[in-house]
Structure formats: C-alpha cells, structure tokens
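Beneath this line is the structure, given in structure tokens, with notes to follow.
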Amino acid sequence: MLPCPFAMKCTHLPLAAKNKYVQKVYRNDVKWLVACVVLLNAALLLLSVPVRLLLPLLGLMVDADALAPHLSPLNLMLQSSLFFPTVIGIVVTTALPSHSDGVFFAVYECRDGEASEHLRARKPASWRRGLYIVGKRLLRVWGVLSLVGLLSFVPVVRIFALPVAIFWVTQDDVGPRLSFFLSWPFFLPHLSVIGYLFLKLWLSSTCLGYELLEPYFRRVRSREVEHAIKREHTPMLIGFALVFNLLMAVPVVGAFFWTLAQACAVFVLEHILTASGRT
C-alpha cells in the first residue's frame, strides 16, 4: 500500500503559503509555467504530423486502420498528458533555471532556514546532467509504453504484453509478490484499458517523484545517495507524485499545481532525510 503524501507534515503547508516571500516566488514562477504548458501543447500538435506519416510503415507490422485513431492529435495529447509534469520540469530546469526551484527553496527556508541555506550553497550539477538522466528515464518509459501499445495489436502476444510489462516495471519498487498481484488481473482482455492506464500512471508518477526532488539531487551530486533514496523510498515518492500527476495532467490549469507540488516536495524531502539520517 502506497503511503498517502499528506500523511506526513504537509498539513503545515498553509503556514508556509502565508509567507509573503513564498507568495511572491509562486506568482513569479507560475507565469512561466503556464507559458511552457501552452508551448508544449503546440509542439505536441506539430509532432502529430510526422507521427501519422509513419502509419504506412507501421501498417507492415500491425493493423494501420485500427492504429490510426490512436495517433490523432487530440488522442496524442491525452495520452501524453500524464507525462507533461515531468517534461515541464525538464524544460524549466534547462531553459529557465532561475525558476526551476524557487518555490522549493522558499518553502524550505520557512521550514528550516539553516538546512535550506546549506543546500542552496552547494553548487548544483550542470543542467546537462539532469537532462541526460531524466531524458534517459523518459525514453525508457516511452519505449515500454510504445512497445506494449504496438504489441496490443498483435494476436496472442497482446494477452501477455501488458501484465508482463506491469510486473517488470513494478517489481523493483514493491517486490515480486505484490507485483504479481498487481499484474495478473490484466490478463483479462476487458481490463486492458485499465491496465494500460495503471502502467502509465505508475511510470509517470515515478518520473515526477524523482523530478520533484531534483533540487536536492542536483546539489548533493552523489549517485550513491540518490540510488539509496530511490531504492528505499520509491513507493512513497510514487504515492506522493500520483496525486499531483493527475492534477497537473489537466491542460494549462495543471501548471498551477507544479509549484504546489514543489512546495510539498520539501516536506517529503524532510521526511526522507529524517528517516534515513541524511542531510
């Protein structure tokens, strides 16, 4: 069972939200986030054109007529919406670094000024490092989803593709026993749509949970610490990110929840550092 993100110290968030400095940073950052979301939607619409040109090639392997509706611009936007929050994080970090963690540090300063200053004083890793890591993670995610989507059009194989993918993706996070119970219901064909949505939610929430802690990971710059936190606390990060992933998937309006998620990430980080004895 994934922990509820608000079961920790997030009940103190309204106190931080009353801080004038936090409010100023929030208003400043959210304008850029809305602009990023609009541009990303426009880019996705343009991307749908070359994708549809690949239909004749894909028709050699699967039923092109059945695949065509899934490659419509509107459907591509809906299918990609769960990954918009992570992509927004990447764009803001690389193109607008001064707005990438403003709310995070504003809230962290309200919570623990000394710890905030200590972390902020550390020189962050190059944005190229963050782009490489998150880009590699997203390529893996989209590769899994694309492969499962294509195999769903192949007779016989489609019965096994989705449950095997769910088991493979979740076993490192929750263990093989729970992964088996999460995956076996999706052998039933009428649950395939729910299973594919579950797979997308799991993968996108994992990416978002890691991305929201990037202000810490970029400054600690220790692969061992990063891997240890991910190994020990990924289920909690997924549970935390799941709520915001659904909220931020809403076009344009979701941008307002990105900064709120950054603020809540401070409480998650405090919980993780306290539980693991790290700084």
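Some points to look at:
- Residue that is nearest to the chain's Cα centre (by Cα) [pool: residues in region 146-170 that are part of a helix (DSSP H, G or I) and touching a residue at least 60 places away in the same chain (Cβ under 8 Å)]: Gly149
- Some residue of region 154-168 being open to solvent by less than 70 Å² (accessible area, probe 1.4 Å), of a type in the set (Val, Ile, Thr) and either touching a Gly at 6+ places or on another chain (Cβ under 6 Å) or within 19 Å of Asn245 (Cβ to Cβ) (or both): yes
- In region 182-192, the residue that is least open to solvent (accessible area, probe 1.4 Å) out of those that are hydrophobic (A, V, I, L, M, F, W, C) and part of a helix (DSSP H, G or I) is Phe186.
- For region 261-279, filtered to residues that are assigned to a helix (DSSP H, G or I) and without any contact (Cβ under 8 Å) to a residue 40 or more places away in the chain, the residue that is nearest to Ser116 (Cα to Cα) is Leu273.
- Some residue of region 193-209 being exposed (fewer than 13 other Cβ atoms within 10 Å of the Cβ) and either touching a residue at least 40 places away in the same chain (Cβ under 8 Å) or not β-branched (Val, Ile, Thr) (or both): yes
- Qualifying residues in region 210-233 (those that are among the aliphatic types (A, V, I, L, M) and assigned to a helix (DSSP H, G or I)) - the one surrounded by the fewest Cβ atoms within 10 Å (Cβ to Cβ): Ala228
- Extreme residue, nearest to Pro215 (Cα to Cα), among residues of region 130-153 that are open to solvent by less than 30 Å² (accessible area, probe 1.4 Å) and modelled with pLDDT of 80 or more: Val141
- Selection status of Glu270, charged (D, E, K, R) and crowded, with 19+ Cβ neighbours inside 10 Å: no
- Test: Phe240 is open to solvent by 60 Å² or more (accessible area, probe 1.4 Å) and either touching a residue at least 12 places away in the same chain (Cβ under 8 Å) or touching a Leu at 6+ places or on another chain (Cβ under 8 Å) (or both): no
For (1) surrounded by 13 or more Cβ atoms within 10 Å (Cβ to Cβ); (2) not small (Gly, Ala, Ser), each residue gets a yes or a no:
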{"site": "Gly102", "(1), (2)": "yes, no"}
{"site": "Leu119", "(1), (2)": "yes, yes"}
{"site": "Lys123", "(1), (2)": "no, yes"}
{"site": "Gly175", "(1), (2)": "no, no"}
{"site": "Phe180", "(1), (2)": "yes, yes"}
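- Unmet criterion (only one of (1) under 13 Å from the mean Cα position of the chain (by Cα); (2) over 17 Å from Val148 (Cα atoms); (3) not β-branched (Val, Ile, Thr)) for Asp173: (1)
- Of Pro251, Pro189, all but one fail to be over 15 Å from the mean Cα position of the chain (by Cα) and more than 30 Å from Asn41 (Cα to Cα); the exception is Pro189.
- For region 244-255, filtered to residues that are in contact with a helix residue (DSSP H, G or I) (Cβ under 6 Å, 6 or more places away or on another chain) and on the phi < 0 side of the Ramachandran plot, the residue that is most open to solvent (accessible area, probe 1.4 Å) is Leu247.
- Residues that are closer than 14 Å to Thr206 by Cβ, at pLDDT 85 or above and not aliphatic (A, V, I, L, M) within region 155-178 comprise Trp168, Thr170, Gln171, listed in sequence order.
The values are calculated or read from the model by the stated rules, or taken from the named source; none is laboratory data. Nothing here was measured: the structure is a model prediction, and the numbers come from that model. Glycine gets a Cβ as well: all are built from the backbone with ideal geometry, and neighbour counts include every protein chain shown. To get the accessible areas, we keep the full protein, side chains included, count just its heavy atoms, and leave off ligands, DNA and RNA. Shrake-Rupley method; radii C 1.70, N 1.55, O 1.52, S 1.80 Å.
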